[in-house]
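Just so it is clear, none of the values below were taken in a lab; they were calculated from the coordinates. From a predicted model like this one, the values you see are computed outputs, not experimental measurements. Heads up, the Cβs are rebuilt from the backbone with ideal geometry, glycines too, and the neighbour counts pull from every protein chain shown.
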Number of protein chains: 2
Amino acid sequence: MTTLSEVASHAGVTPATVSNVLRNRGRVSQETRERVMAAISALGYRPNLNARALAEGRGPTLALMVSSIANPFYPEFALAVEQAARDHGSFMLLCNTNDDPATAYAYLNQLSGSLSEGVLVMNCNLDFGTLRQSRAPVVLCMWEKPEEPPGLPCVAVNFRLAGQLAAEHLLRLGHRQIGVIIGNGKGGVHTTRMQGFIDTVRAAGVDLPESHCRNGLDTVQGGYEAARALLLDQPGLSAIFATNDLPAIGVMHAATDLKLSVPDDLSVIGITDIQMAQETRPALSTVAVPTQEAAEMAVDLLRKLIKQPAPADVADEMRVTSEPVLKPRASTAPPRPPKGYAD
Amino acid sequence: MTTLSEVASHAGVTPATVSNVLRNRGRVSQETRERVMAAISALGYRPNLNARALAEGRGPTLALMVSSIANPFYPEFALAVEQAARDHGSFMLLCNTNDDPATAYAYLNQLSGSLSEGVLVMNCNLDFGTLRQSRAPVVLCMWEKPEEPPGLPCVAVNFRLAGQLAAEHLLRLGHRQIGVIIGNGKGGVHTTRMQGFIDTVRAAGVDLPESHCRNGLDTVQGGYEAARALLLDQPGLSAIFATNDLPAIGVMHAATDLKLSVPDDLSVIGITDIQMAQETRPALSTVAVPTQEAAEMAVDLLRKLIKQPAPADVADEMRVTSEPVLKPRASTAPPRPPKGYAD
């Protein structure tokens, strides 16, 4: 079997350079890369990752477990994780649990410490006890409550602040008749942002009764159905906040289908700033969470835990991303003046 | 180290049942599954996938290489592949090449026959010679020209017909001033569908000059920019066909920003039927390609090749999916009558 050294010798470079080419890291000129590729091809060299992983007692991948790859936030996050992993010479193994804890559990058991050196977990409905029993390090991504550390390694985003920023934006525009669509993120993950929003509105002395709030699935269709019901029940609303961009886009569609103009008749705001938020018409106002930064921090923390394994009961480092940022776009505007008044 | 047999004995089931539970395949009652999980947890059993893969000379995953996970078609396809793989007890390792052939090559070399038993390839700009040299079987997914087999195992979709169906729809509605946005799919992958469209329009005796055609990136923004330029240059167009749904959504946004109503002033149609196509307002007319079926056929063909390896020069089985299907929605309608004529 051809070895890495033979490839290096054939290409006239060091084994480290061959390794850099294979792992796509370090500085290698295009010319050198091509020479190495030619040597690899000529000698039929193939690195045996399993053998190395077995010898080192670890796997050559980082696993990312997500609840639903169909939700466009997850591919965006996965892309950022994949880039961060590749920057450090690792592959990303993407595992989709379809919101099923048993599937998540099977992935965790089969991968951790075997195929994967570490596992990044996104909203997979696994209890923390199970995560702590993982043989390989686990980092919880996008923990929503930095003020309540989960006692597990995690990257936290201040989602309460995200809700607050959305509320302050609508209040500043002059909205007083405000509705809320709470995305059902299985496990109550949207509670924090909702509470940040509602507390801010009420603290401003604006009434926000239960009858202005609806639950919906965390999808475009879920937001559509919840908003349609809400708007038919509460026709006086001038603005709706949805706890995520997908249901917020659904709110815009529901308004359109009810012949309400966004933002003239109804302002709409979401949270996250997925790519689609910029690509709707009108473009969706939202509060951006630092997806890229969170992914990089999660990979960095995971790599630290892989290198310096800590006992499960002390591995509880929480890193907090920079703060969410308001992105006002065309879907929010001041409310129409009340009928009977001149402009 | 705990063995599978010890888990089976502890749970009072056969080792095969434990294996089925771990791999999420076969028929296992919920009660049995829970008993096995409890035994696994009590004994601290963890299957060593690397050891097994090494012993068997194969990896326990199927790899899916995509050019851009950021394009929402790929997560939809990945989800379908992942489900098909899981149905057969395999994990899916998702590799994102970011349209870079060197990254694709590095993945192929590092994974094939090592971490992965087989590789599904989607538009990764790898030449067929490289793919044929892969140690593990490779299946090309979504080959666009069933009439021209690539000489590699593949699943083909009749994209020429997809273009034809889009053209027939616009012609039947009465459109004669038709524009075309050709998505730049790197490697000319959209040529086939474009040609199917253009040939059909011209065969109907309708003029479709070069000046009605524009190239754009295969994104919402790419379609937006190409359509904006085209509509400013050719204000008489009553319909635009884009070779993919994302640029078609961009066409709709360009029309909106130019104060053109879709479909009253401009009909728009795409190809693929991604989830977003139903979720735009107006909903996008498109030609649906059988994504789920293609994913299942690709996994099935790959598994056949893994079980019955064939020499690279005879492994060229092509499977063709069922035909694309027109999905007329709200973004297409008859053209406005010419000015000066009564309805």
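A few remarks follow.
- Neighbour-count order for B:C213, A:C141, fewest beta carbons within 10 angstrom listed first: B:C213, A:C141
- Copies compared at A:A42 - label distances in nm, ascending, label defined 7 Å from Cα in the Cβ direction: 6.1
- Pairs from the table (B:K145/B:K307; A:K145/A:K307; A:K145/A:K304; A:K145/A:K327) lying more than 25 angstrom apart at Cα are B:K145/B:K307; A:K145/A:K307.
- Distances between equivalent label points of B:R336 across the copies, with each point positioned 7 Å along Cα→Cβ, amount to 2.5 nm, shortest listed first.
- Shape category assigned to the protein assembly as shown from the gyration tensor of Cα positions, a/c cut at 1.5: oblate
- Each principal axis of the Cα cloud of segment A:4-47 was evaluated for its coordinate range; sorted largest first, these ranges are 23, 18, 14 Å.
- B:R336-A:E168 FRET efficiency (beta carbon distance; Förster radius 60 Å; 0.05 resolution): 0.85
- Nearest-ten-degree value, helix B:220-233 long axis tilted from longest Cα axis of chain B: 10
- Inter-chain neighbour count for B:74-82: the average number of beta-carbon atoms from partner chains within 10 Å of each residue's beta-carbon is 4.
- Chain A: radius of gyration and largest Cα-Cα distance (Dmax), Å: 24.3, 86
- Counted over chain B, the DSSP beta bridges are approximately 10% antiparallel.
- Phi angles across segment B:132-148 convert, under the Karplus curve 6.51 cos²θ - 1.76 cosθ + 1.60 with θ = phi - 60°, into 3J(HN,Hα) values of 5, 7, 4, 6, 9, x, 10, 10, 7, 9, 6, 5, 8, 10, x, 6, 10 Hz, Gly and Pro given as x.
- Going from the residue with the fewest nearby Cβ atoms within 10 Å to the one with the most, A:Y74, B:Y107 rank A:Y74, B:Y107.
- Distance histogram in 5 Å bins (all Cα pairs of segment B:157-226, percent per bin): 4, 18, 26, 26, 19, 8, 1
- Distances between copies at A:D233, taken between label points 7 Å from Cα along the C-beta direction, are 5.2 nm in increasing order.
- log₁₀ of I(q)/I(0) at q = 0.11, 0.14, 0.17 Å⁻¹ - segment A:56-191, Debye sum with one point per alpha carbon: -0.46, -0.69, -0.95
- Each residue of segment A:70-75 was assigned a 3J(HN,Hα) from its phi angle through the Karplus curve 6.51 cos²θ - 1.76 cosθ + 1.60 (θ = phi - 60°); the sequence is 6, 7, x, 5, 5, x Hz, with glycine and proline shown as x.
- Contact order relative to length of segment A:159-289, as percent, for alpha carbon pairs under 8 angstrom and 6 or more apart: 26
- Rounded is the label for segment A:159-289. Its Cα gyration tensor axes, ordered a ≥ b ≥ c, give a/c under 1.5.
- Scoring B:168-179, A:283-294 by mean Cβ neighbours within 10 Å over their residues and listing the highest first yields A:283-294, B:168-179.
- Our summary gives chain B a relative contact order of 16 percent, counting only alpha carbon pairs under 8 angstrom and 6 or more residues apart.
- Hypothetical label at A:Q275: residues of segment B:217-235 whose amide nitrogen lies under 20 Å (7 Å Cα-Cβ projection): B:217-228
- Label positions at B:L260 and B:N215, each projected 7 Å from the Cα along the C-beta direction, are separated by 2.2 nm.
- The residues B:K145, B:K307, when put in order of fewest to most other Cβ atoms within 10 Å, stand as B:K307, B:K145.
- From phi via Karplus (6.51, -1.76, 1.60), per-residue ³J(HN,Hα) for segment A:196-210 in Hz, x at Gly/Pro: x, 5, 5, 4, 5, 4, 5, 5, 7, x, 9, 6, 9, x, 3
- For B:T61, distant residues with modelled amide H under 5 Å away: B:E117
- Mean Cα-pair separation over length for segment A:4-47, i.e. relative contact order, pairs under 8 Å, 6 or more apart, %: 42
- One chain, two ends: B:V320 and B:Q133. Fully extended at 0.36 nm per residue, the span grows by 64.9 nm beyond their Cα-Cα distance.
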